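Q: Structure in structure tokens, see below.
Bear in mind these aren't lab numbers, they're just calculated from the coordinates by the rules spelled out. Because the structure is predicted, anything quoted here is derived from the model rather than measured. FYI the Cβ positions are ideal-geometry reconstructions off the backbone, even for glycines, and counts take in every protein chain you see.
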Amino acid sequence: MNAAVNSDLARSQTATAPQAITVIGTGMMGFPMARRLRAAGHTVNAWNRSLEKALPLRADGVNVQSDINVAVRNADIVITMLEHGDAVADVLFVLGAAKAMRRGALLIDMSSIQPGQARQHAQQLHALQCDYLDAPVSGGTLGAEAGTLAIMVGGSETAFERALTAFVPLGRATRVGPVGSGQLAKLANQMIVGITIGAVAEALLMCEKGGADMGQVKAAIGGGFADSRILQVHGQRMVERDFAPRGRMAIQLKDMRNALQTAEELGFHAPITCALEALYAAGVSHGDAGLDQSALFCELARLNAMR
């Protein structure tokens, strides 16, 4: 075999080798991710602050732990999937998960946090002789269940190659740069998602205000330059008034605010994101925090005195 073939074979074997993996945070995303990792043949431990949310994973062969130190101490890889950067810092450095990890273990933070927080966490973990990747995801609960997540990774090439064993069952991973770069890519993703949801909602509502059938408008422009996954998925939720949470309004608002804070740190002006942040904030203030992010439609309907 030539060197290229040998390299590809080694990468494939690394990506499928069973590992001891711990998942911290078994909410809407972490739960199906833990299930998929176990189905892929890994030994999986899980810990969640509210233990009862993790207990159903036992039926899938996941070891649910009540003690976070026990959950992480023998893991090759620890995955955090938590709501925000402060929650990640609390679990790692206040509850003590980082110190309980064995030296040489790899922490993969798949939460959506600020790039600066990711770099700080990496420094603290490196000081404990643990490796680190920031690897936020896009694709929502459907992607987590199907193993089709887009995984945006920041960190060293060596750590990335090591993490493939965990990434392969979850989706498509792309290394985009050093630590913090994965979070930058996720902010870009969330800016595009949040802004596009606003554009779709505003356009469909205007059509309804003018007497057109929203569902037929969506069908008519599908396949044209205005088509997108947001139009097809979130637009359909708007047509059906189906705002059951997949990605919540409160999380979208958090991501928009993280994007604006990062933009300010970089000296970058983001007026479009700023305008949409204000709309998401208004929706949350009106009681829509727990609804799907497509419920921005509701806030725009309120502004136009529409049902």
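Q: Take peptides 81-88, 227-234 and line them up by average Cβ neighbours within 10 Å, highest first, as a rough protection proxy. Before the final figure, lay out each step's value.
A: Values: 81-88: 20.0, 227-234: 16.6.
The densest-packed peptide leads the list: 81-88, 227-234.
Q: Sticking with this one: Given Cβ point charges of +1 (Lys, Arg) and -1 (Asp, Glu) and nothing else, what value in debye, to the nearest 20, does the dipole of the chain about its Cα centre take?
A: Details: 27 positive and 27 negative charges, 109 e Å.
Magnitude of the dipole: close to 520 debye.
Q: Which of the three applies to region 3-178, rounded, prolate or oblate, going by the alpha-carbon gyration tensor with a ≥ b ≥ c and a/c under 1.5 meaning rounded?
A: Rounded shape, in that the Cα axes give a/c under 1.5.
Q: Hey, how much of the P(r) for region 185-303 falls beyond 20 Å, as a percent of Cα pairs?
A: 40 percent
Q: Give me the net charge for the shell around HIS286: Cβ to Cβ below 11 angstrom, other residues only, Lys and Arg +1, Asp and Glu -1.
A: Computed value for this residue: -1.
Q: Follow-up. If you line up the long axis of helix 249-266 against the longest principal axis of the chain, both from Cα atoms, how many degrees apart are they, to the nearest 10?
A: Tilt of helix 249-266: around 80 degrees.
Q: What is the packing order of peptides 156-163, 182-189, 101-108, taking the mean over residues of other C-beta atoms within 10 Å and listing the highest first?
A: 182-189, 101-108, 156-163
Q: Restricting to the chain, compute how many DSSP beta bridges are antiparallel as a %, nearest 5.
A: Details: 4 of 29 bridges.
Roughly 15 percent of the beta bridges in the chain run antiparallel, per DSSP.
Q: Let me ask something else. Under the rule of -39500 (n - 2.57) per DSSP H run of 4 or more residues, summed and divided by the residues of the chain, what mean residue ellipticity at 222 nm is obtained, to the nearest 500 deg cm²/dmol?
A: On the way: 15 runs with 161 residues, N = 307.
Helices in the chain give a 222 nm mean residue ellipticity of -16000 deg cm²/dmol.
Q: P(r) for the chain, please, calculated from all Cα pair distances in 10 Å bins and given in %.
A: Reading the bins upward from 0: 6, 26, 31, 22, 12, 3, 0.
Q: Residues with beta-carbon under 10 Å from that of LEU92, excluding LEU92: net charge, scoring Lys, Arg +1 and Asp, Glu -1?
A: Charge balance in the 10 Å sphere: -1.
Q: Restricting to region 88-199, what percent of DSSP beta bridges are antiparallel, rounded to 5?
A: 25 percent
Q: Got the relative contact order for the chain handy, in percent, Cα pairs under 8 Å and 6 or more residues apart? Spell out each step's value before the answer.
A: Numbers: 555 pairs, mean separation 42.3, N = 307.
Relative contact order of the chain: 14 percent.
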